[in-house]
Every structure is written in C-alpha cells, then in structure tokens.
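The values are calculated or read from the model by the stated rules, or taken from the named source; none is laboratory data. All values derive from a computational prediction rather than experimental measurement. Every residue, glycine among them, receives a Cβ derived from its backbone with ideal geometry; neighbour counts consider all protein chains shown. Heavy atoms of the whole protein, side chains included, go into the accessibility calculation; ligands, DNA and RNA do not. Shrake-Rupley method; radii C 1.70, N 1.55, O 1.52, S 1.80 Å.
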Amino acid sequence: MISLILSSALSRILSALKWCAERPAIAVAIASLVVAGFFYLRADHFREKYENLRDEYALHKRADDEARRFAEAEKKRIETERKKITDEADKKLRIALDDADSRLRAYARRHAANMPSTPAVAEEPVGSDPEAIVVTIGDARICTVNTARLINAQQWAFENWGIK
C-alpha cells in the first residue's frame, strides 16, 4: 500500500518536472507567482518583524546613549572630587613646608651663635656630646622638607583611607 502511494507520488512529480522542462517560460512564471504569493501573504508578518527589530534597535541605542552620558558625568564628578582632594593636600603640604622652613630658620638663628667660626677640627673638643653632629643648613633643609612631606602623606592617608 505504501509503496503504491510512493510510486504514484513519484510519477506525478516526474511528470510535472517533464512538463516544466517542455515549457520553461510557463514554469518560471508559475514559480514566480508562487513565490510572490508567499511573500504577499506573509508581508504583514515580515513588516511586523522589521518594525519590532527597528524598535528594539532604537531602544538599545537610547540605553547605550544614556549609559554613555551617565559614565561621562560620573567620570567628571570623580575627577572634580579628586582634584578637590589633591588641591587640599597640596595646600596642607605648602603650609607644612612653610612652617617647617620657618622653624628651621629660627633654629638656625638660635644656634648660629653657638657654632664655631672656624671649620670643625678633627679632634673632639672636651665636654662635647659624642652623639651630636653638625650639619649644613642645606642638609637640614632637605631633611626638614622630606619630614614635612612624609608627615603630610601620613595625615592624608589617615584622613582619606581610614588608616590608623
């Protein structure tokens, strides 16, 4: 029974192909009508899919633009905040350096009278402290600046990072 149905269907397909081979212009016209009919019947479906895709693209585009604007605003806010923190730290450092420099100058003025006017002798004078040394004002200034910077950095870390 099944073989009879299959052979009948196969013979009809072969005869249709033979007919199409004998009349190619008519076959092309019929195929064109079938394809055009398919697209005509499915046009609303394809239009709906196109409109859905267009709307989805517009939605993604708006979301992307909004995310970009938010990121730029956040970046600007962070940069402004960091600049403010940096400016505060620089101001505190300048104040600390000025204070340290004025204290160093005052110390140098107080002890300038006690300094020998001649270069240091290789021998150790009687009664001097063996732990004491004499440094130039330039070396003392370098030590003062470095100490002020380190103290300022430490205070900044305590204030901004909660380090103790």
Are there any pairs with C-beta distances below 8 angstrom linking a residue in the range 137-164 that is farther than 17 Å from D99 by Cα to a residue that is β-branched (V, I, T) and open to solvent by 80 Å² or more (accessible area, probe 1.4 Å), with the two at least 6 apart or on different chains, and if so which?
A157/I163
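Just a yes or no: is a residue in the range 87-97 open to solvent by 80 Å² or more (accessible area, probe 1.4 Å), over 30 Å from T147 (Cα atoms) and either modelled with pLDDT of 85 or more or more than 34 Å from the chain's Cα centre (by Cα) (or both)? Don't jump to the end; show me each part of the working.
Pass one, the range 87-97, residues open to solvent by 80 Å² or more (accessible area, probe 1.4 Å): 88, 91-92, 94-95.
After this cut, where a residue has to be over 30 Å from T147 (Cα atoms) as well, the list is none.
No, the range 87-97 contains no residue that is open to solvent by 80 Å² or more (accessible area, probe 1.4 Å), over 30 Å from T147 (Cα atoms) and either modelled with pLDDT of 85 or more or more than 34 Å from the chain's Cα centre (by Cα) (or both).
Suppose we filter A31, A73, A27 for residues that are open to solvent by less than 100 Å² (accessible area, probe 1.4 Å), hydrophobic (A, V, I, L, M, F, W, C) and at pLDDT 90 or above; which single one remains?
On the way: A31 fails: at pLDDT 90 or above; A27 fails: at pLDDT 90 or above.
Unique residue meeting the criteria: A73.
In the list K18, K61, K49, K84, which residue meets the criterion of being closer than 30 Å to E159 by Cβ and either exposed (fewer than 10 other Cβ atoms within 10 Å of the Cβ) or among the charged types (D, E, K, R) (or both)? Reasoning before the result, please.
Numbers: K18 fails: closer than 30 Å to E159 by Cβ; K61 fails: closer than 30 Å to E159 by Cβ; K49 fails: closer than 30 Å to E159 by Cβ.
Exactly one of K18, K61, K49, K84 is closer than 30 Å to E159 by Cβ and either exposed (fewer than 10 other Cβ atoms within 10 Å of the Cβ) or among the charged types (D, E, K, R) (or both), namely K84.
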